[in-house]
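> This is the structure I have questions about; it appears just below.
Every number in this text was worked out from the coordinates using simple rules, so none of it is lab data. In this text the structure is predicted, and so the values were computed from the model without any measurement. Positions of Cβ are generated from backbone atoms using ideal geometry, with glycine treated the same way; all protein chains shown enter the neighbour counts.
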Amino acid sequence: MHKMITFKFSQGFIQDLIQLPENETLEDWLAVNIVEFYNKILILYEHFSEICTDETCPKMTAGYSYEFFWRENKKIQKFSFVFTLPIFHLSLPPEYISALLDWTSNEINDTELFPIDPEVSFPNNFKKRVKLMFKRLFRFFAHVYHHHFETVRKAGVDHHLNNCYKHFLYFILRYKLLTTKELSPLKELNKRILQKDQELENNN
Ligand SMILES: [Zn+2]
């Protein structure tokens with residue numbers, strides 16, 4: 001799979017793209033970018049909704065080694081206590097991805113997390129919640145690269161996917177949004193992207 005993947009965006013171009021603009025806070029920059037990535041993934045997903053079905057993909061996996069479960073926090077009340085219990089769903093990929101996109105959209109529209117008024121500051125847990133959004137959106141790429149890349153390539157939309165992912169990866173690495181372990185479902189691809197850019201850099 002990885003040999004056939006080509007990336008048109010050069011490293012220099014992406015470095016400019018991800019650079020925190022002057023006069024902008026890191027929170028603002030993360031907010032702008034998560035919305036942009038979400039919108040791009042939403043467009044990409046239109047191409048996948050027909051090829052990623054309950055029949056083609058019985059599990060939300062990335063290759064043989066990784067399976068993802070959708071986690072929801074359920075509020076449980078017992079006597080006068082309310083506590084949160086994580087519920088893990090065994091999800092089919094179409095369900096998982098649609099839950100992922102709905103949840104991301106709800107997060108983006110949560111005005112406590114993304115205040116509309118510039119005078120209102122971001123909440124204390126802003127980075128933690130944004131990191132979770134990146135972590136979950138990454139799984140969309142992990143599933144697609146492992147299970148649908150060939151179909152995507154035949155449909156001729158691979159360059160959109162590749163450019164979007166490369167931008168996403170560099171952004172994550174620059175702002176340390178995911179750990180190496182969280183990125184491991186695509187470690188071979190990531191290694192290849194970074195190595196190739198390094199070679200190009202050295203040749204220039
Ligand atoms: Zn699938």
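> Among the residues of region 67-87, how many are of a type in the set (A, V, I, L, M, F, W, C) and closer than 15 Å to Lys135 by Cβ?
Counting residues in region 67-87 that are of a type in the set (A, V, I, L, M, F, W, C) and closer than 15 Å to Lys135 by Cβ gives 3.
> Go through region 69-107 residue by residue and tally those that are assigned to a loop (DSSP other than H, G, I, E, B) and either of a type in the set (Asp, Glu) or surrounded by 10 or more Cβ atoms within 10 Å (Cβ to Cβ) (or both).
Residues meeting the conditions: 4.
> Return the residues of region 108-152 that are more than 14 Å from the chain's Cα centre (by Cα), within 15 Å of the ligand (Cβ to nearest atom) and either assigned to a helix (DSSP H, G or I) or of a type in the set (Val, Ile, Thr) (or both); say none if nothing qualifies.
His146, His147, Phe149, Glu150, Thr151, Val152 - these are the residues of region 108-152 that are more than 14 Å from the chain's Cα centre (by Cα), within 15 Å of the ligand (Cβ to nearest atom) and either assigned to a helix (DSSP H, G or I) or of a type in the set (Val, Ile, Thr) (or both).
> Every residue in region 45-68 that is hydrophobic (A, V, I, L, M, F, W, C), within 13 Å of Ser98 (Cα to Cα) and either part of a loop (DSSP other than H, G, I, E, B) or more than 13 Å from the ligand (Cβ to nearest atom) (or both), please.
Within region 45-68, Cys52, Met60 qualify.
> Among Leu161, Leu177, which is within 11 Å of the chain's Cα centre (by Cα) and buried (at least 20 other Cβ atoms within 10 Å of the Cβ)?
Answer to the selection: Leu177.
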